[in-house]
Structure formats: structure tokens, C-alpha cells
Amino acid sequence: MNKKTFALLSVLVILSLALSACGAKKSDQVEVFSWWTGGGEAAGLEAMIKVFKAQNPGIEFVNAAVAGGAGTNARAVLATRLQAGDPPDSWQGHAGQELIGTYVAGKQIEPLNGLYDAEGWLSVMPKTLIPLISKDGNIYSVPVNIHRANVLWYNPKVLADNNVAVPTTMDEWFAAMETLKTAGVTPLALGEQWTKMHLLETVLLGTLGADKYNGLWDGSTDWGSAEVKTALDNYAKTLTYANSDSASLSWQDASQLVINGDAAFNVMGDWAEGYFRELGKAPKTDYGWAPTPGSVGVFQFLSDSFVLAVGAPHRDAANAWLKVAGSKAGQEAFNPVKGSICARTDCDKALFGEYLQSAMDDWASNTVVGSLTHGVVANDSWKSEIDTALGLFIQNGDVAAFQNALVAACKASGPCK
Ligand code: GAL
């Protein structure tokens with residue numbers, strides 16, 4: 001062998017070694033995509049990653065979280081990646097229409113029936129949840145939690161100082177906010193646009209009641225009706241009690257106004273509780289909670305779940321991740337920190353704080369309805385039309401035009417004929 005051939009062969013050997021090392025590394029990692037980057041959310045995810053690492057020491061966890069509450073930014077990044085054929089191995093998707101109408105319809109995720117059988121999940125996941133993650137007999141995701149959307153958070157001291165009782169109806173809430181406003185207190189803390197949609201869905205529920213609220217999503221409640229007009233009037237009135245800089249505040253900023261005593265109320269899902277606990281705040285003393293006005297006895301829910309990408313680059317590692325996400329150990333580590341209750345029905349209640357224990361009781365006993373903002377009741381195109389109409393309404397305050405746009409949205413992308 002001459003010197004030249006030897007040098008060439010050496011280069012080839014080094015190259016092939018490097019390539020196989022790369023290959024080995026690739027199969028030993030899992031990329032998981034979510035929007036849990038801070039404010040109690042990242043801490044919850046970290047707790048579950050810890051369980052994953054303990055059980056899978058050979059697999060590198062690649063946390064591909066993209067910041068932004070409710071996934072407003074993350075979902076856009078995900079859509080671009082999916083379009084480019086570059087999916088993360090697993091991502092966070094809401095049980096319900098978001099999952100079925102987008103990822104299942106787009107053939108972007110794989111059925112997980114085998115995993116459900118192997119792990120015995122059908123006997124520990126709520127029976128009511130399975131249809132929301134299934135299509136044609138196939139189950140498509142692993143729910144990690146149940147969150148409550150219709151929570152009214154309040155500052156107990158601010159209410160007491162102003163002799164305001166916790167409101168249970170819309171009218172009581174308006175009276176309370178009027179008193180606070182007159183006293184120079186900001187009645188309601190509000191954030192960027194998705195938090196306004198979150199507020200809207202709770203006001204629709206609080207004004208219409210559970211049955212008629214459900215009817216909005218199956219076509220049996222007329223979006224053009226007088227009762228929906230009353231709900232939208234209520235919504236318009238609610239907005240008048242909010243801080244004026246809402247557009248520039250994240251959900252954490254808004255809920256912090258309540259904790260700091262700079263505002264009395266905030267309507268937010270119970271991930272806010274994860275944030276309050278991360279800030280070291282104490283339940284009942286620093287923050288109180290109640291169902292949003294008009295929704296006593298109703299649990300407006302959403303569920304975060306994880307999926308397996310079609311063409312996942314690291315399929316086995318992704319399955320290992322999903323196993324942890326669906327496990328008792330994974331859910332017991334994640335949920336008490338995240339501010340949610342387990343999707344599984346067999347978690348140890350004693351691991352959870354006072355608020356979450358009350359949420360468990362309510363989940364078990366209340367009438368359950370689904371969230372709009374967090375993917376349960378409307379598919380993505382309908383939701384985005386509602387969002388566009390809402391954006392215009394926030395600018396022009398025209399209730400009649402808003403209602404017309406909502407009627408049109410249901411005709412275009414919802415069940416209305
Ligand atoms: C929801 C998600 C929750 C929480 C919230 C705020 O869509 O389901 O887990 O992350 O957004 O970011």
C-alpha cells in the first residue's frame with residue numbers, strides 16, 4: 001500500500017467511525033416539543049424529565065420547548081416544522097378537536113393502541129377522555145393532565161379591604177368590580193389576546209350555562225340568538241374593568257398583578273396555581289380561587305397530551321418518553337408542580353396541594369365542558385376565525401359586528417348550516 005492509498009483509507013475509516021458515532025447518538029435521544037418554558041410550567045416538565053432520565057439513562061432528552069403561553073408561538077413553529085417534514089419525535093397537543101382536526105386529519109401522528117394495551121392505560125385513563133383522543137378506533141395521544149380553565153383567582157386581602165365578597169354570578173361580579181373601580185383598585189387583570197379568548201369562553205359559559213355553552217359547539221345553540229348577544233354584552237362589560245396595558249402582558253404578568261395586590265381578579269387556567277407556588281405564595285392567604293362567575297358546579301376542562309410523530313426520527317426513544325408521560329410516576333411528579341391534576345385516575349391525592357385537591361373533587365363531581373382556547377371544542381380553523389373576530393372586536397368594541405362574525409365563523413368552519 002503506498003502512502004497515498006494509506007492516507008485515503010485512513011480518512012475513510014475515520015469518516016465511517018464518525019458517521020456511526022453520529023448514528024448511535026441519534027438513536028439515543030428524543031426530541032420533545034412543548035411551550036412549557038417558565039412560570040411553573042417548565043418546572044413541571046423538568047420534574048417529569050427527571051423521572052424519564054432515571055428510567056432511561058442512555059437516552060438524551062432534547063427539550064425543544066418554544067416560549068409563549070397557550071402555545072401561540074410554539075404551534076406556529078411546529079406547523080412549519082411539520083410542513084418541512086422535520087417533526088420533533090413527540091409534541092404537546094390538546095385532547096379534543098385540536099388533536100383530531102389537525103394532527104390526526106393531517107396524518108401527522110401515529111395510533112398508540114399497542115402502547116395502551118401494553119401499559120394497561122385503558123383501565124386508568126378517564127373513559128370520557130378516550131373519545132377525545134380517538135378516531136375510528138385508534139387512540140392517538142397520551143394525556144398527562146387535566147387542567148381547569150374556568151377559575152377566578154383573587155387577592156383575598158384586596159377583596160377584604162374593600163368589603164367585597166367572592167362573586168358567584170355575573171351580576172355579583174359586575175357589582176364587585178364596580179365597587180373596586182370606585183375605590184381606585186384595578187378590578188380585573190388581563191393579558192395578551194389568547195387570555196382574552198380564555199376570558200370570553202368563561203363569560204360565554206357563565207352567561208349561557210353548561211348546556212347552551214355545549215350547544216355552541218355542536219350547532220344546537222344559535223350564535224345569532226339574543227342569549228349569545230347577552231353573553232357578548234357581558235363580555236364587553238367585563239373588559240371595561242381590565243387594566244389598559246393588557247396587550248403587552250403575558251398570562252404570568254397578569255396573574256402577578258393579583259398576587260402583588262395591584263388587581264383584584266384574574267381569570268386563568270389552573271397553571272396559574274403552579275406559577276403562584278413557584279413564587280412561594282400560600283393558598284388562601286396570598287391567593288384565593290372560585291369557579292368563574294356563573295359557572296359554579298361546572299368544570300371547563302382541557303388536557304395536555306403527547307403524541308408520536310409519523311416519521312419520528314427516534315421512534316423507540318419517543319415510545320420510552322410516552323411510557324413515562326402516561327405512567328403513575330411521571331404524572332405524580334409532573335402535575336403537583338404544573339398546577340394540574342393527573343389524567344390517570346390512580347394518582348395519590350396526598351401529593352397535591354389544597355387547590356388541586358379541590359380540583360380533583362370538582363372534576364369527579366361537576367358537569368364537565370370543554371375549553372375553546374385550549375383545543376377541546378373547536379377545530380383550529382374555527383378557532384382561528386373566532387380569534388380574528390375577537391381581535392377586531394377588541395379594537396372596535398362593536399358587539400353586533402362581533403356577533404355577526406361569530407355566526408359566520410360557525411357557518412364556515414363549525415357545525416352551523
Ligand atoms: C395551555 C396548556 C397549559 C398551559 C397554558 C399556558 O394551552 O394546555 O398546559 O401551558 O396553555 O401556557
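Remarks
- Here 42, 24, 47, 54 are screened, and the one residue that is modelled with pLDDT under 95, in a helix (DSSP H, G or I) and open to solvent by 20 Å² or more (accessible area, probe 1.4 Å) is 24.
- Test: residue in the range 275-287 that is open to solvent by less than 30 Å² (accessible area, probe 1.4 Å) and within 16 Å of the ligand (Cβ to nearest atom): yes
- Some residue of the range 298-313 being away from the ligand (no atom under 13 Å from the Cβ), farther than 30 Å from residue 55 by Cβ and not in a helix (DSSP H, G or I): yes
- Only residues that are open to solvent by less than 40 Å² (accessible area, probe 1.4 Å), among the hydrophobic types (A, V, I, L, M, F, W, C) and outside any helix (DSSP H, G or I) were counted in the range 322-369, giving 6.
- Residues within the range 318-333 that are within 16 Å of the ligand (Cβ to nearest atom) and touching a strand residue (DSSP E or B) at 6+ places or on another chain (Cβ under 7 Å), tallied: 2
- For the range 102-132, the candidate set comprises residues that are within 16 Å of the ligand (Cβ to nearest atom) and of a type outside the set (Ser, Thr, Tyr); within that set, the residue that is farthest from residue 144 (Cα to Cα) is 132.
- All of (1) out of contact with any Pro (no Cβ under 9 Å at 6 or more places or on another chain); (2) open to solvent by 50 Å² or more (accessible area, probe 1.4 Å); (3) more than 30 Å from residue 251 (Cα to Cα); (4) not hydrophobic (A, V, I, L, M, F, W, C) hold for residue 135 with one exception: (1).
- Within the range 67-85, the set of residues being open to solvent by 20 Å² or more (accessible area, probe 1.4 Å), closer than 18 Å to residue 309 by Cβ, within 11 Å of the ligand (Cβ to nearest atom) and not charged (D, E, K, R) is empty.
- Beta carbons closer than 6 Å, at least 6 apart along the sequence or on distinct chains, pair a first residue in the range 241-254 that is assigned to a helix (DSSP H, G or I) with a second that is aliphatic (A, V, I, L, M) and modelled with pLDDT of 95 or more for 246/190; 251/268; 254/189; 254/190.
- Options 165, 175; residue that is assigned to a helix (DSSP H, G or I), open to solvent by 10 Å² or more (accessible area, probe 1.4 Å) and under 28 Å from residue 286 (Cα atoms): 175
- Top-ranked residue in the range 370-417 [being within 16 Å of the ligand (Cβ to nearest atom) and open to solvent by 50 Å² or more (accessible area, probe 1.4 Å); ranked as nearest to residue 236 (Cα to Cα)]: 387
- Residue check for residue 294: within 16 Å of the ligand (Cβ to nearest atom) and buried (at least 20 other Cβ atoms within 10 Å of the Cβ): no
The values are calculated or read from the model by the stated rules, or taken from the named source; none is laboratory data. Treat the numbers as computed from the prediction; the structure is a model and nothing was measured. So basically every Cβ, Gly included, is an ideal-geometry build from the backbone, and we count neighbours across all protein chains shown. Ligands, DNA and RNA are excluded from the accessible area calculation, which covers all protein heavy atoms including side chains. Shrake-Rupley method; radii C 1.70, N 1.55, O 1.52, S 1.80 Å.
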